[in-house]
Amino acid sequence: MNTAGSVSWFLALLLAPLLLGIINRTKAFFAGRQGAPLVQAYFDCWKLLQKGAVYSRTTTWVFVSGPVAGLAAVLAAAALVPLGGIGAPVSFAGDLILFAYLLGLMRFLTVLAALDTGSSFEGMGASREVWFSALAEPALLLGLAVLARETKSLSLSGMIFALTGEVWTRSGIILLLLAVALFIVLLAENARIPVDDPNTHLELTMIHEVMVLDHSGPDFGFILYGAALKLWVLSALLVGVVVPVRTGNPWLDGAAVLAGIMAVAVLVGIVESCMARLRLFRVPQLLVGAGAFSTLALILALR
Amino acid sequence: MMLLLMAVTIMVLGGLAALGVGQPRLAGRLGAGGVVVGSLMGLVPALRVLWSGSGESLSYAWSVPYGSFAVGIDPLSAFFLLPVLGISALAAVYGTEYLIPYCGKYSVRGHWFFYSLLVASMTMVLVARNAVLFLVAWELMSVASFFLVTFEHHKESVRDAGWTYLVATHVGAAFLLAFFVLLGNEVGSFDFDRIRAFGVPTSAGVLFLLAVVGFGAKAGFLPLHVWLPEAHPAAPSHVSALMSGVMIKTGIYGILRTLTFLGPPSPWWGYVLVGVGLTSGIIGVLFALAQHDLKRLLAYHSVENIGIIALGLGVGVIGAGIGSPALIVLGLCGGLLHVLNHAIFKSLLFLGAGSVFHGTGTRDIDFLGGLLKRMPWTGVTFLIGAAAICGLPPLNGFVSEFLIYLGAFRGGAVNDAAVVGTLSAVIAGLALIGGLAAACFAKAFGIIFLGEPRTDLSRTHEGGWAMRLPMVVLAAGCVLLGLLAPLALRLMAPVVAQLAPLARNVVRTELMAAAQPLAMVARGGCGLLAMIGALALLRRRLLARRTIGEGVTWDCGYAQPSPRMQYTASSFAQPLTDFFRIFLWTERRISRPSGLFPRSAALHTFTPDTYPRCCTLPCFAASYGAFRDCAGYSTAACNCTCSISPWPSWR
């Protein structure tokens, strides 16, 4: 635990919901609308925390523990991700494995909470979620393996810290392939277009949204906040690779990374504005494609 | 050492006593009591050896040709003795209650006799220090487990499963015989000590392959796994727990013991192990996804986890090939720890499956649902086991997979394309296996324990304390081993030192290095649990004095959703099984709805194992063709053997 690292953790906690606002404002801009305020997600979370809740008679404690333990898992995962040159509060050799598996834990619990309602819609969403994530996982871990090889480090903080502009000039193509793979994983893990459409109105076509249909009140607030945080940590990881500003000045480095994360949110918004959701059967091809990008990066790294 | 032999004797005596008494329930108490007492006694020398790091041995003359009654506990044996004795005792306690409904119908007394014999023979396999003694114990283990599998021998499916198992295990034994004959011939002795002292045998590569096939048939490597999905569902649940959790690990023990005989390993051995591990792991979990029978599903997960263990050993052997101490220690530690972890969570899951069967009378996942409300103990412990087998933090499955991952990541830095490529395949493979296992256990736990019952399950009941206690102990083991993993490494130090071609202090330094991230993982696990607690408190505070409503599950406005509208296990897994259909060849039978007012429609899917059809049966057919000419001579003898029924008539 270090103080500079705690800053990056608290920044994540503080700013994560802002990303949802940025994405929505970008989409509104493309649609020619004014759009909701940037801080709308904060309002939503706050309002949900003030509410009571309704539970289905079918559900058990598993349903309640899904959002609670899921949020705890992503909070723990956030503690492992650095903000560029500013290290994470916790870092050790192999923390990237813990990071990937904490996100896995969050997903497992969300899926179980969905199955606990006994609704076929939520079963459908759960089934798709495990299908896509099983394919996204190898792409993520292979990508991290390439990163570990390129930077000769085994912790997320160490890897990102060592990723200077010099590494980019040496093996830029590898990092570019890696960034593409990570971006696809980010879109899939956060249920964004082209994998899943967060704005769809039909339960049959949803993935993430349909799994949380029956949650309400503070539970749903936890879910919303957890989703924002998950988007933040994966964006921070991607930006750590793409923005190699390591001047040693924490203000400058931090500002560059924060700007990068906002830019990722804008990019997600642009993707959502420019294309439609893929047909479900096409999504695995996209994810296998991400795996192929990681593999290609690995092959290039082996030369 | 004497204590362990006494323990084995007590087990066998308990089994004989169980055979002798008239009352089946009393037989259960005697048999299980013998196993529990014997196991507790046996654990003492095992722990002593692991703690001190120095072995104990005994040797007597034996009139069997080439044999000597040489037994010994070294750290490797002691490490494997822990799960064997621990799980045997817990499964025996469970069995006393689980078998009550079978009293009078089947031979419960015979069951307890063979149960004791199985535990005793597994112990002997681990401590035997002479090839003849080893093979005798090995054979005894196979035969005893055969009779345990065919407990419900009135059913044809059970008898078929038993024969499949017997044939598969003997194919493996044939390879082992060849292995020991070759090895013993070159060394000039069948004593393990002499074999070890001999140095490097000339045909080490051939011997290694023979061992992988021979021991792999017991461990369940693909494509030798054919008996697992047949035998595990057929056997009583506590026997499945014992066989799947522990007995298949004797195959892993055999491979490790072989590695100590053959001198420094060649790098390609590591590639073989990684290849076997990847195919077993990925294909195993895919087949598991497609199953509807809970115990069959768990059996395929054993194939998967044996694959993960092989990956760990492969990483270690590759490390030995390139001379990287970190890789050796991380790979071996990960593989060995996964042996222990898998023993714990897999037997827990099989006991849970048995409890579900005991309470509901079915093992078909699609007929169940909502059991968490009716069987809270089974539900919670099964959930812990399920999360552990998926390798989710902070449970024990994560720790061992973490070590294997870490080894693979460490090795990624070397300048050897073949090594890095293989290790990257290990990383990608583990990630895929992890994702698919999570899908499979989300399906198994979600469909069985959550939602609404899919059939009438109103008479479902939880088992008594004898069934609950072992599950609770094992679930606690999953949590504790996850949080106390750095301490477990301390116990494993002598085992790794025995296996690795490294100096003792190098092993110690590397283990210290490996324990550091594990300590952080453990701290992270505690932090996670603390955060869960804090958030749960926050939620409770927030919801205090607010209106909490109750209603039906949202189903697009329908107010009366029926349980039949729920997703089933088959529908949950369908996208994945379709995506991987090239490996699975799922068979479907559809009766489509027809007419203006369709009455009924049905879809049956069934995923049989493709390997018997594609690999094993053609092999047998070919060898039958080759040996047909000789068959005429032995038909009479064969008829004579077959006419003796293997199922005893005592009850």
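The values are calculated or read from the model by the stated rules, or taken from the named source; none is laboratory data. On a predicted model such as this, the values are computed, not experimentally measured, just so you know. FYI the Cβ positions are ideal-geometry reconstructions off the backbone, even for glycines, and counts take in every protein chain you see. Heads up: the accessible areas ignore ligands, DNA and RNA and are worked out on the full protein's heavy atoms, side chains in. Shrake-Rupley method; radii C 1.70, N 1.55, O 1.52, S 1.80 Å.
Some points to look at:
- For residues of B:543-552, the mean tally of beta carbons on other chains within 10 Å: 5
- Local electrostatic count, residue B:434, Cβ distance below 13 Å [Lys/Arg +1, Asp/Glu -1]: -2
- Heavy atoms of residue B:202 accessible to a 1.4 Å probe, total area in Å² rounded to 10: 130 Å²
- Helix A:165-189 vs. chain A, principal-axis angle (Cα, 0 to 90°, nearest 10): 10 degrees
- Computed label-point distance, nm, for sites residue B:102 and residue B:455 using a 7 Å Cα→Cβ extension: 2.1 nm
- A versus B: buried accessible surface, summed, Å² (probe 1.4 Å, to nearest 100): 6200 Å²
- Accessible-area rank, largest first, for B:191, A:196: B:191, A:196, with all protein chains present and a 1.4 angstrom probe.
- Inter-label distance, nm, simple model (7 Å from Cα along the C-beta direction), residue B:202/residue B:587: 5.1 nm
- Efficiency of FRET from Cβ geometry, residue A:278 and residue A:164, R₀ 22 Å, rounded to 0.05: 0.05
- Neighbour net charge for residue B:131 - beta-carbon separation under 13 angstrom, K R +1, D E -1: 0
- Seen against the Cα atoms of chain A and their longest principal axis, helix A:120-151 is set at about 10 degrees.
- Of all DSSP beta bridges in the protein assembly as shown, antiparallel share, percent nearest 5: 75 percent
- Trypsin sites (Lys or Arg not before Pro) lying in DSSP loop within the range B:363-470, provided at most 14 other Cβ fall within 10 Å: B:459
- A Cβ-based charge dipole, computed about the Cα centre of chain B with Lys and Arg at +1 and Asp and Glu at -1, lands at about 1460 debye.
- For residue A:300, neighbours were defined as the other residues whose beta-carbon sits under 14 Å from its Cβ, and their charges (Lys and Arg +1, Asp and Glu -1) total +2.
- Protein heavy-atom accessible surface, 1.4 Å probe, per residue over the protein assembly as shown: 36 Å².
- Rounded to the nearest 10 degrees, the inclination of helix A:217-242 to the longest alpha-carbon principal axis of chain A is 20 degrees.
- Applying a DSSP loop filter and a limit of 11 other Cβ atoms within 10 Å to the chymotrypsin sites (Phe, Trp or Tyr not before Pro) in the range B:539-616 leaves B:558.
- Total lysine pairs whose alpha carbons fall under 15 Å of each other in the protein assembly as shown (8 or more apart, or interchain): 5
- Chain B, accessible surface, carbon-and-sulfur percent (1.4 angstrom probe): 65 percent
- Alpha-carbon centroids, the range B:71-148 and the range B:362-437: separation in whole Å: 28 Å
- Chymotrypsin sites (Phe, Trp or Tyr not before Pro) restricted to DSSP loop in the range B:1-90 with at most 16 other C-beta within 10 Å: B:62, B:66
- For the range A:3-301, size of Cβ-based charge dipole, Lys and Arg +1, Asp and Glu -1, in debye: 400 debye
- On the basis of the beta-carbon distance and an R0 of 25 Å, residue B:506 and residue B:193 show a calculated FRET efficiency of 0.50.
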